[in-house]
1. Pairs under 6 Å by beta carbon, first residue buried (at least 16 other Cβ atoms within 10 Å of the Cβ) in the stretch 118-137, partner assigned to a loop (DSSP other than H, G, I, E, B) and of a type in the set (Val, Ile, Thr), six or more apart or different chains?
2. Kindly list, by first and then second residue, each pair from a residue in the stretch 161-185 that is within 17 Å of PHE121 (Cβ to Cβ) to a residue that is assigned to a strand (DSSP E or B) and of a type in the set (Asp, Glu), limited to pairs with Cβ atoms under 7 Å and residues at least 6 apart or on different chains.
3. Any residue at all in the stretch 130-146 that is touching a Pro at 6+ places or on another chain (Cβ under 8 Å), aliphatic (A, V, I, L, M) and closer than 24 Å to GLU215 by Cβ?
4. State the number of residues belonging to the stretch 158-189 that are in contact with a strand residue (DSSP E or B) (Cβ under 6 Å, 6 or more places away or on another chain) and either of a type in the set (S, T, N, Q) or more than 30 Å from THR134 (Cα to Cα) (or both).
5. Among GLN57, GLN10, which is in contact with a strand residue (DSSP E or B) (Cβ under 6 Å, 6 or more places away or on another chain), modelled with pLDDT under 95 and not hydrophobic (A, V, I, L, M, F, W, C)?
6. Tell me whether the stretch 169-180 contains one or more residues that are of a type in the set (D, E, K, R) and under 30 Å from THR32 (Cβ atoms).
7. In this structure, does PRO77 turn out to be closer than 26 Å to THR218 by Cβ and either crowded, with 16+ Cβ neighbours inside 10 Å or modelled with pLDDT under 95 (or both)?
8. Going through ALA83, ALA49 one at a time, which residue ends up being within 30 Å of LEU199 (Cβ to Cβ), modelled with pLDDT under 95, over 17 Å from the mean Cα position of the chain (by Cα) and not polar (S, T, N, Q)?
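The values are calculated or read from the model by the stated rules, or taken from the named source; none is laboratory data. Remember, it's a predicted structure, so these values are computed and weren't measured experimentally. Cβ: placed from backbone, ideal geometry, glycine included. Neighbour counts: every protein chain shown.
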Amino acid sequence: MRVKVLFFGQLKDITGRAEDQLDVAEGARLSTVFDHYAGRFPRVGAMAASIVLARNQEFADASAAIADGDEIAFLPPVSGGAAPEIADPAGHIFALTRQPIDTRAVITRLLRGEDGAVVTFEGVVRNNSKGRPTRYLDYECYEPMAIKTMAGIGRGIAAAFPIDRIALVHRLGRLEIGETSVAVIVTSAHRKAAFEAALEGINRLKRLVPIWKKEYFTDGEVWVEGEWDQDVPHAARP
């Protein structure tokens, strides 16, 4: 069997590739693929406790069986032209973009006459990281999985909170100081629900969506390592 293997963030730097093709025997599991690359690249093995695996754009346990033609992704810890947008029948907006995020335009699309509140959270690029001057940031992601995960988060929040609509929008590519990297916008009849839903939205997005941030300084660059949600299966096996 042959599978496609994708690498993101710092794993792309460690392996020296963004994509690979691997032949495996019948009955192979995700752990088989992980062990192959951990053997070739010891730093991958050392990161096993923080790496998450995906099979065909869904989180998967290392014990999951694989089939010919599967797409397998190695996902390091998340940090938080036109890219995908999901057209949601309820009017929610889930999008990735390489253009500046226009929050006013998003609000206009969300608002309805019965709304009495709109809450907007914007994450912006700081000029430093722990005091170290930052020149700019660069965001990359596993786009097909990221947009599906964002939609799942947004729909889950809309079902759990008494809100009207929600938007999750993340920018990709190079961002300068002061630019908006992510926006979570919620409309509702009352402010309390909108504030709570917006906070839940950014918290889930930062821990579940496969998006990675690289910071560039005058004297170097570094991938920012965050933390996956505790319920996401990791490559390390018990």
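1. Once the first residue is buried (at least 16 other Cβ atoms within 10 Å of the Cβ) and sits in the stretch 118-137, its partners that are assigned to a loop (DSSP other than H, G, I, E, B) and of a type in the set (Val, Ile, Thr) give VAL125/ILE177; LEU137/VAL125.
2. THR180/GLU122; ALA183/GLU122
3. Quick first cut of the stretch 130-146, residues touching a Pro at 6+ places or on another chain (Cβ under 8 Å) only: 141-146.
Checking which are aliphatic (A, V, I, L, M) leaves us with 145-146.
Retained after the next criterion (residues that are closer than 24 Å to GLU215 by Cβ): 145-146.
Yes, that holds for at least one residue.
4. 10
5. Details: GLN57 fails: in contact with a strand residue (DSSP E or B) (Cβ under 6 Å, 6 or more places away or on another chain).
It is GLN10.
6. Residues of the stretch 169-180 of a type in the set (D, E, K, R): 171, 174, 176, 179.
Filter once more, keeping what is under 30 Å from THR32 (Cβ atoms): none.
Checked the stretch 169-180: no residue is of a type in the set (D, E, K, R) and under 30 Å from THR32 (Cβ atoms).
7. Numbers: closer than 26 Å to THR218 by Cβ: yes; either crowded, with 16+ Cβ neighbours inside 10 Å or modelled with pLDDT under 95 (or both): yes.
When the stated conditions are applied, PRO77 passes them.
8. Working: ALA83 fails: over 17 Å from the mean Cα position of the chain (by Cα).
So the residue among ALA83, ALA49 that is within 30 Å of LEU199 (Cβ to Cβ), modelled with pLDDT under 95, over 17 Å from the mean Cα position of the chain (by Cα) and not polar (S, T, N, Q) is ALA49.
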